[in-house]
Amino acid sequence: MTREQLEHAIRAACDIADDDEVIIIGSQAILGQYPYAPPDLTQSNEVDLFPKHHPARAMLVDGAIGEDSGFYYEFGFYVHGVGPETAILAGDWQARLVPVRNRNTRDCTGWCLEAHDLAVSKLAAGREKDFDFVAALLRHHYVDPERLRSLAEALPNLPPDTRTLVRGRVERLVRGLT
């Protein structure tokens, strides 16, 4: 995915949801902070997001421009409408959102997760593809290990064993860099 495709997704999702802001919580949120991120971080053809003011309208977005839609076949990427609860995030994540707003978004705003919040969310999800993504973030120096450790501790409402798992995932990936 490219930054231009992300901007297109923002514009289209805002139009469908009749909302001028969306929150992007999937891997392609990295394009907010790093518009020219390398291919190992931008290989997904999916944008996970929800309308900021009308989160329930994510279903409308998903139905209109989601996987296997005409939009997907025409443009080669799709928008997955998700709920705010999809990502496990530290309590103050909204203060660090990165805005994408320009002429190409028709002045709608796509609020992208900051790289560290994105990484910790991926580690909390615990999927193998997410570990590879976070390892790439570390390799490219887009995230700092100490900040990851700090945010892992700040994840709300996690059982102690899950918090221990996330901490272990951070350590395993950081050790893999050396």
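The values are calculated or read from the model by the stated rules, or taken from the named source; none is laboratory data. Note that this is a predicted model, so its numbers are computed, not measured. Glycine gets a Cβ as well: all are built from the backbone with ideal geometry, and neighbour counts include every protein chain shown.
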Looking only at region 60-77, decide whether some residue is hydrophobic (A, V, I, L, M, F, W, C), crowded, with 23+ Cβ neighbours inside 10 Å and within 24 Å of residue 123 (Cα to Cα). no
In region 93-114, residue surrounded by the fewest Cβ atoms within 10 Å (Cβ to Cβ) [restricted to those that are among the charged types (D, E, K, R) and part of a loop (DSSP other than H, G, I, E, B)]: 107
Kindly provide the set of residues from region 1-11 that are in a helix (DSSP H, G or I) and surrounded by fewer than 21 Cβ atoms within 10 Å (Cβ to Cβ), ordered by number. 3, 4, 5, 8, 11
Suppose the filter is part of a helix (DSSP H, G or I), closer than 14 Å to residue 29 by Cα, within 17 Å of the chain's Cα centre (by Cα) and of a type in the set (Asp, Glu); does residue 117 pass it? yes
Yes or no: residue 62 closer than 22 Å to residue 135 by Cβ and in contact with a strand residue (DSSP E or B) (Cβ under 6 Å, 6 or more places away or on another chain)? no
Being outside the structural domain of residue 10 (by TED's automatic domain parsing), among the hydrophobic types (A, V, I, L, M, F, W, C) and either in a loop (DSSP other than H, G, I, E, B) or touching a residue at least 60 places away in the same chain (Cβ under 8 Å) (or both) narrows it down to one residue among 136, 90, 124, 152; which is it? 136
Of residues in region 33-42 being under 13 Å from residue 5 (Cβ atoms) and touching a residue at least 40 places away in the same chain (Cβ under 8 Å), the one surrounded by the fewest Cβ atoms within 10 Å (Cβ to Cβ): 42
